[in-house]
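This report refers to the structure that appears directly beneath it.
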Amino acid sequence: MSDKNLPVKPEDEHGAVEVAEPIPDPGLEPHEPRITDIDPKAADRVERQVSGMFGLATLLVVGSCVAYFAIPRDSILEFGPLSGNANNMVIGLCIGLALFLIGAGAIQWAKKLMVDEEISEERHPAHSSPQQIAEITEAFKEGTVESGFGRRKMIRNSLIGALGVLGLPAVILLRDLGPLPGRALYNTIWAKGIRVVNDVTDRPIKPSDLIVGQLVNAAPANLAPLQEESAVEYQNAKAKAAVIVVRIKPSEIRTKPGRENWGVDGILCYSKICTHVGCPISLYEQTTHHVLCPCHQSTFDLADSAKVVFGPAARPLPQLPLAVDSEGYLVAQSGFTEPVGPSFFERG
Amino acid sequence: MSTNTEFPGPVKWVDDRLGIAKIGKKNLRKVFPDHWSFMLGEIALYSFIILILTGTFLTFWFKPSMAEVEYQGSYSLLKGLHMSEAYASTLDITFDVRGGLLMRQIHHWAAVLFIAAMMVHLLRMFFTGAFRKPRELNWLIGFGMLFLGIVEGFIGYGLPDDLLSGTGLRITNGMIQASPVVGTYMNFFIFGGEFPGDDFVSRFFIVHVLLIPGIILALVTAHLFLVVYHKHTQYAGPGRTQKNVVGYPLFPVYTAKAGGFFFVVFGITALMGALMQINPVWLYGPYNPAEVTAGAQPDWYMGWLEGSVRIFPGFESHFWGITLSWNLIIPALIVPPAFVTLVALYPFIEGWITGDKREHHLLDRPRDMPTRTGIGVAFIVFYAMLWIGGGNDLIATHFNLSLNHVTWFLRFAVILGPILGFWVARRWAISLQRADQDRLLHGLETGVIMRSPEGKYTEKHQPISTYEAYSITARDRLVPHEIGPETDENGVRAPRRALHKARAALSRFYFADAVQKPTTQELEAAHEHAHDADEIHELTEDTETYREVTSDRS
């Protein structure tokens, strides 16, 4: 027998939480009159306070309108710790204070002058009464029978089917929100022979430009021309191709097998994009060769193939193999040998 | 004064069409109870209205476009720089539209306040048990609004397309990308291809100004409708029962108080917008995927997600040609949703454990439900540890600590802290209950020391008022859920016995150690005892201080 068939237990009913024991409810505490209820002078004082606040608010609102036109938009206000655009600040101060005074006046009025005797209101259970339930059940049954919805199962099922597939175009129509990822995340614009250029001056870098301990933010030489073609291509390319070039004393470098010729006289190049969630890493500590991502503090050791020494990143920064071209500038031997930036499922 | 049976002209016009008297008569004098903690939800509601007003103002000038333009506005430091139209128009609002900066700052402060108010409101609901039947659905609606509010705030933060907001989106992009199977596809669909692309500002804009506010508005309506339908909860006290609601009428008292409070909240946010700088995007510069600022912090409500990702150790698995980034899957995709779901479902979990199916309109004082209070504090500590983790770099630099030590500490604290928090809060609540019980049974310590003719010292106790005594005892007796005998009279074993046993054990744990209110007999005994000679505290040589005599801890 399920619980449903049992008669309703009294404690399941509305309001059955019994709190008035062991001490019976003494009823509402007697109302204590306020000073404003007894002393007409005090009440008048409050009236003056409240209307004073409303009056001041009016003046301030007018003041804010005057300030809007009277204060030049580029004037600066310097007053103690306050400094900023005078126009904004004065308008804001006037409106803010006016709003505050309107509110404070209304609350003061309610607290001090309006009748403050508490009144009580009955509650009713949230659920419907048995009679209402009976009525609605009856009405629903009537409707069901009239429509034949329950009897003609074929109509019901075909309707459910039709409405069900309606979700399909709703999803499919969103298909053109973006292209499929394809191989986009695997490639950057780095390729064999692309020069490494300073990312501010766009000038190619020679090994002699870098002293030991120096770190330079760099980009591929073919990035800047992209900006002319398409701003979005440029940003997307930059988001993946940004690199850091660092010069470390060759004796301090621990080279990974297979990367012996990836550096040039202790100059190494790594992706600037953190392998955690893709922030550009930026804080370099010369003495330890550690570079820190300011977003989540993943720390990489640039002297040791940029392996992770601390923080939430799981993979070293990808390294770009370097060489020197015929004119003596740093170039890439090839593109990155692995996808740069944060991990993704199909990355392998 | 005779009562009118007909409205004056204009009101009649309205009534003839809408029947306002029928709707109004029920609600005009609707009673709301008075307590400061009932204003928290109001703050949230009002900041939402302020957000709509100021946000609408901003849309008149903001250009949700990532097309590249050369900045030619009046902020000379960025003049001539290439940037998106979104960022350029944000600078225009800031420097060239009068009142624009003010509105931007009010908008941002109100957003910060909106989410803070919702969260504190939620805590109030939790600790007072306001989520119990019949209000579970309203708890869920509130949760939906909190979730949407956070998403809304974060998306809004991304719209100006400055360096900081771009970095925030880059992080989000990286997190989405870590989702197994669908990560890269989701990113390409959301951002219209690779990050950053040139689509997200216009897409996020419509979500920010139409979609989410629209849903929140609908939820607010439902939320308020249910508040009216269920009527407001109240704290237990004399004359306040499960079957009534005691307080002041909507008209005129709450019209003035709540209406006035709207102006107060608006006034304070306006003053904040005028005087306190927030998100000075012109200092950060336009978004550049190769740049970032150190010490970057998201808005406060994203801090716990940021912390979760920061303190999680870095490991991922590579096998069968796939990568599973546990360093993101766990702290970003599993832990936060699981935590939020747990808190959202808490009313149902507690209801199942306690077996309580009754309607509740009287609120619990946090001390009277020690286990719930402990659980709530555990939730807070867990959240707080993650939140602190979101600023681990700032803590390290401000207090001269090693970042690694801070991070390692948090990795343990996020697990041990909640346990400790639970234990401390629960014991604390029980101690407060005991103090109440003392007050109830022994009365007030008057501090008056009496010396009897024999030389004995006693402290006079004065019984507390009936009103106060009633308020202390006007609560439920905490009875663990009873699961009945193992077998019925025919020897048939009850079904799903193991589950019921677990439930009974949880229920016992839930109510264990909580102080039960006294029975009538206990109360009478205590009051008689108060006049007994036992109550006399002797001041003997081994009684160390006078204080000990006056404090009644016998």
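The values are calculated or read from the model by the stated rules, or taken from the named source; none is laboratory data. Quick caveat, the model's predicted, so the values are computed rather than measured. Positions of Cβ are generated from backbone atoms using ideal geometry, with glycine treated the same way; all protein chains shown enter the neighbour counts.
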**Asked** Does A:A126 qualify as being assigned to a helix (DSSP H, G or I) and in contact with a Pro (Cβ under 9 Å, 6 or more places away or on another chain)?
**Response** no
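Residues are listed down the side, and each one gets a yes or a no for (1) facing chain A (nearest Cβ under 10 Å); (2) buried (at least 22 other Cβ atoms within 10 Å of the Cβ):
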| position | (1), (2) |
| --- | --- |
| B:E85 | no, no |
| B:S89 | no, yes |
| B:D96 | yes, no |
| B:M103 | yes, yes |
| B:A110 | no, yes |
| B:A117 | no, yes |
| B:H121 | no, yes |
| B:K133 | yes, no |
**Residue match in the stretch A:70-77 (condition: in contact with a Leu (Cβ under 7 Å, 6 or more places away or on another chain), more than 10 Å from every other protein chain (Cβ to nearest Cβ) and either over 20 Å from B:G273 (Cα atoms) or surrounded by 13 or more Cβ atoms within 10 Å (Cβ to Cβ) (or both))** = no
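Yes/no matrix, rows are residues, columns are (1) more than 10 Å from every other protein chain (Cβ to nearest Cβ); (2) surrounded by fewer than 19 Cβ atoms within 10 Å (Cβ to Cβ); (3) outside any loop (DSSP other than H, G, I, E, B):
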{"residue": "B:G193", "(1), (2), (3)": "no, no, no"}
{"residue": "B:G214", "(1), (2), (3)": "yes, yes, yes"}
{"residue": "B:A270", "(1), (2), (3)": "no, no, yes"}
{"residue": "B:A294", "(1), (2), (3)": "no, yes, no"}
**Asked** Does A:R347 meet the test of being in contact (Cβ under 8 Å) with a residue 40 or more places away in the chain, at the interface with chain B (Cβ under 8 Å from one of its Cβ atoms), closer than 30 Å to B:I388 by Cβ and out of contact with any helix residue (DSSP H, G or I) (no Cβ under 7 Å at 6 or more places or on another chain)?
**Response** no
**Request:** May I ask you to list the residues in the stretch B:150-181 that are within 28 Å of the chain's Cα centre (by Cα) and among the acidic types (D, E)?
**Result:** B:E152
**Fill in**
Filtering the stretch B:170-191 for residues that are free of Cβ contacts under 8 Å to residues at least 60 places away in the same chain and either more than 10 Å from chain A (Cβ to nearest Cβ) or assigned to a loop (DSSP other than H, G, I, E, B) (or both) leaves a count of 3
**Request:** Mind telling me which of the residues B:I464, B:I472 ends up being outside any helix (DSSP H, G or I), within 14 Å of another protein chain (Cβ to nearest Cβ) and modelled with pLDDT of 90 or more?
**Result:** B:I464
**Request:** Can you tell me which residue within the stretch B:21-48, out of those that are of a type in the set (A, V, I, L, M, F, W, C), surrounded by 15 or more Cβ atoms within 10 Å (Cβ to Cβ) and assigned to a helix (DSSP H, G or I), is farthest from the chain's Cα centre (by Cα)?
**Result:** B:F48
**Message:** Is it the case, given these coordinates, that B:L363 is surrounded by fewer than 20 Cβ atoms within 10 Å (Cβ to Cβ) and either in contact (Cβ under 8 Å) with a residue 40 or more places away in the chain or within 14 Å of chain A (Cβ to nearest Cβ) (or both)?
**Reply:** no
**Residues of the stretch B:496-514 satisfying the condition of being in contact with a helix residue (DSSP H, G or I) (Cβ under 6 Å, 6 or more places away or on another chain) and either assigned to a helix (DSSP H, G or I) or within 14 Å of chain A (Cβ to nearest Cβ) (or both)** = B:L506, B:S507, B:Y510
**Request:** For A:S326, indicate whether it is without any contact (Cβ under 8 Å) to a residue 24 or more places away in the chain and surrounded by fewer than 18 Cβ atoms within 10 Å (Cβ to Cβ).
**Result:** yes
**Request:** Take the stretch A:224-255 and flag every residue that is touching a Lys or Arg at 6+ places or on another chain (Cβ under 6 Å) and not β-branched (V, I, T).
**Result:** A:A242
**Prompt:** Looking at A:G266, A:G278, which is the one that is away from every other protein chain (no Cβ under 14 Å), touching a Pro at 6+ places or on another chain (Cβ under 9 Å), in contact (Cβ under 8 Å) with a residue 24 or more places away in the chain and on the phi > 0 side of the Ramachandran plot?
**Reply:** A:G266
**Prompt:** Which one of these does A:A86 not meet: (1) aliphatic (A, V, I, L, M); (2) touching a strand residue (DSSP E or B) at 6+ places or on another chain (Cβ under 7 Å); (3) at pLDDT 95 or above?
**Reply:** (3)
**Request:** Kindly establish whether B:G197 is surrounded by fewer than 18 Cβ atoms within 10 Å (Cβ to Cβ) and either of a type in the set (F, W, Y) or within 7 Å of chain A (Cβ to nearest Cβ) (or both).
**Result:** no
**Asked** Any residue at all in the stretch B:234-251 that is surrounded by fewer than 19 Cβ atoms within 10 Å (Cβ to Cβ) and part of a helix (DSSP H, G or I)?
**Response** yes
**From the options B:Y87, B:Y75, residue that is touching a residue at least 40 places away in the same chain (Cβ under 8 Å), over 18 Å from B:L159 (Cβ atoms) and among the aromatic types (F, W, Y)** = B:Y75
**Fill in**
Per the list (1) touching a helix residue (DSSP H, G or I) at 6+ places or on another chain (Cβ under 6 Å); (2) assigned to a loop (DSSP other than H, G, I, E, B), residue check on A:G328 breaks on (1)
**Request:** Examine the stretch A:91-109 for a residue that is surrounded by fewer than 21 Cβ atoms within 10 Å (Cβ to Cβ), of a type outside the set (A, V, I, L, M) and within 40 Å of the chain's Cα centre (by Cα), and state whether such a residue exists.
**Result:** yes
**Request:** Being closer than 29 Å to A:E252 by Cα and in contact with a Gly (Cβ under 6 Å, 6 or more places away or on another chain) is the filter; apply it to the stretch A:170-217 and report the residue that is farthest from the other protein chains (Cβ to nearest Cβ).
**Result:** A:K206
**Asked** What are the residues in the stretch B:479-494 that are within 33 Å of the chain's Cα centre (by Cα) and either within 12 Å of chain A (Cβ to nearest Cβ) or among the acidic types (D, E) (or both), if any?
**Response** B:V479, B:E482
